Amino acid sequence: MIMKTKQIKYSIAALVASVTVTTSCSRFEEMNINRNAVQNTTATTFVQPTVFNYEYRMINRSFTLTSQLMQYTVGHQQNADKISNYRIQNSVAAGYWNDFYSVGGNAQAMLEQAKKDKNDAALAVASIIKVIAMSTLTDAYGDVPYFEALQGYTSGGTEFTPRYDSQKEIYRDMFRLLEEANTLLAQSKENFDASEDYMYKGDIKKWRKLGNSIYLRLLMRAALKDEVDVETESLFAVSKLNQIFSYPADYPVFESREDAADVPFNDAVAAQQTPFFSWRAGSWNSNMICERLMNEMYVLDSDENVILSDPRLNFYFDNKRVGAPTQVTYQELVPYVDIVAHYNRGLIQNRDHFSIMCFSEIWFIWAEAAHRKWISGTAKSYYDRAVAESVYEWNPDASESIVSSFLSNPLVSLDGLRDDAALERIMTQKWISTVLVGIEAWCDYRRTGYPEMPVKSLAGNDSVLPTRLLYPADEEFRNPVNYDEAVNGWLGGVNNMKTEVWWADHNQKRKKE
């Protein structure tokens, strides 16, 4: 297990080398002066490399892991052991684990430096980044090392076998960190150096909005589970969510697309390119767009007249409008090779930003919360704003008439829908909107069961869409006592992909063919 915090100045260089394998000795000087690498030891110098490091790794995992799990894409590898068939190799699970513990370690290092600097704003920002990294881990695996993890920085490198903590207690502490961050940033008066933060230019008001917006995301994760907990154990997620909604001056969240957590990338600067920058055509073509996604965004009638054409189509996909079936054999995919759609390589490979969290997500959260009667207002008003903002996030120049027409389409509109049908429509559009946004779609599915994901007989994992990632195989040897306790405890004796994480403990809706 990688628990020892790495010196952050090496993080970006190691990251680029591990994914693209193109960094040469001739670029040593360039990497040494890379502004994505920490050049001194004040806490705020950790911000840019840690945020960039997180999102670089996250969009790579979103493309290769979440896209196939959540039927955005279908893998075209010849063997059946692929993620779209719910067969996740240990190297994938281990890579994800190492990626985000590394980011969490850098966030912890920043937090400790902020204490030394006596910089409350930096302490708050470090706490927010730590929550983003650690929520990514616990939401993927469930119970993970948390309270004793990341302590290589403070323990002098002596703590390598941390205990696994319950996800509920991890959430409780993450909520504490976000509460404290909101208070500290409300009291802070000065921004920090814009050159240390390409995302927000050191604007602490925007960081405060991000912290509270992430708070909303995690509160929504916990809210359904919290309703069935006894009061003494409750995290009071629903009441806190309502408080954030009701008192925006006390808990400001994203108020516009300019507030969104959009991490900048730059194809002209080697250290700021996307992880897809040097991918060749084969890597793109091996990820076909799934018919499940295409059939929600592009619909023809029996005479092949278009009755739905999502305004985001040309931004998500190339110029083809055919999706591939999932959980089929390689031979069954062959006929689709020349006709199936792929991600829009021209846009995505060199995209100038990717989002940790989008503005539209706030409105989808409000739409679901209103549907569940947790906040005031109508689900439709929030939903319409959410869908519109998602369109604008990809096409800021979309006309009002195009967006209005899209929202009035019977296959998109919330009009006339009630109960589960309304929730399914909200979550389906949220699923479409969160393409390449972390693991949000996977989390929403595990939490609500929507949108339904067809499961066929070829699917592995006993035809269950994985509910969690496996703990890395080497944990059994590196941290045997605590690993065994976790596996024999909440996992019931087997390191499996079918046990629900804490907040996803509900009756899943799954459809088998």
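The values are calculated or read from the model by the stated rules, or taken from the named source; none is laboratory data. None of the values given here were measured: they were computed from a predicted structure. Note: ideal-geometry Cβ built from the backbone for every residue, glycine included; neighbour counts use all protein chains shown. Protein only, heavy atoms only, side chains kept; ligands, DNA and RNA dropped before computing areas. Shrake-Rupley method; radii C 1.70, N 1.55, O 1.52, S 1.80 Å.
A compact table of results
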{"item": "For the chain, accessible area per residue (1.4 Å probe, heavy atoms of protein chains only), Å²", "result": "40"}
{"item": "Percentage relative contact order, region 259-410, counting C-alpha pairs under 8 Å, at least six apart", "result": "27"}
{"item": "Separation of the Lys498 and Ser404 label points, Cα + 7 Å toward Cβ, nm", "result": "5.2"}
{"item": "Debye intensity ratio in log₁₀ form over the Cα atoms of region 282-406, taken at each q of 0.16, 0.20 Å⁻¹", "result": "-0.96, -1.21"}
{"item": "Using a Förster distance of 22 Å, the FRET efficiency for Lys456-Tyr330 (Cβ separation, nearest 0.05)", "result": "0.90"}
{"item": "Order by protection proxy (mean Cβ within 10 Å, highest first), peptides 346-354, 58-66", "result": "58-66, 346-354"}
{"item": "Extension gain, Arg478 back to Ile339 (0.36 nm per residue minus Cα-Cα distance, nm)", "result": "45.3 nm"}
{"item": "Kirkwood-based Rg to Rh ratio, the chain, C-alpha trace", "result": "0.94"}
{"item": "Cα centroid of region 80-157 to Cα centroid of region 247-279, whole Å", "result": "19"}
{"item": "Helix-only [θ]222 nm of the chain, DSSP H runs n ≥ 4, -39500 (n - 2.57) each, per residue, nearest 500", "result": "-14000 deg cm²/dmol"}
{"item": "Subset of Lys240/Lys373; Lys168/Lys380; Lys320/Lys380; Lys209/Lys373 violating a 21 Å alpha-carbon distance limit", "result": "Lys168/Lys380; Lys320/Lys380; Lys209/Lys373"}
{"item": "Length gained when the stretch Phe236-Leu300 is fully extended (0.36 nm per residue, less Cα-Cα span)", "result": "18.5 nm"}
{"item": "For Tyr56, net neighbour charge (Lys/Arg +1, Asp/Glu -1) across residues whose Cβ lies under 13 Å away", "result": "+1"}
{"item": "Span-like helix ranges in the chain, DSSP H, alpha carbon extent 20 angstrom or more, Kyte mean at least -1.0", "result": "47-61, 90-117, 120-141, 167-187, 204-226, 379-394, 419-433"}
{"item": "Accessible surface of the chain, 1.4 Å probe, proportion on carbon and sulfur as whole %", "result": "49"}
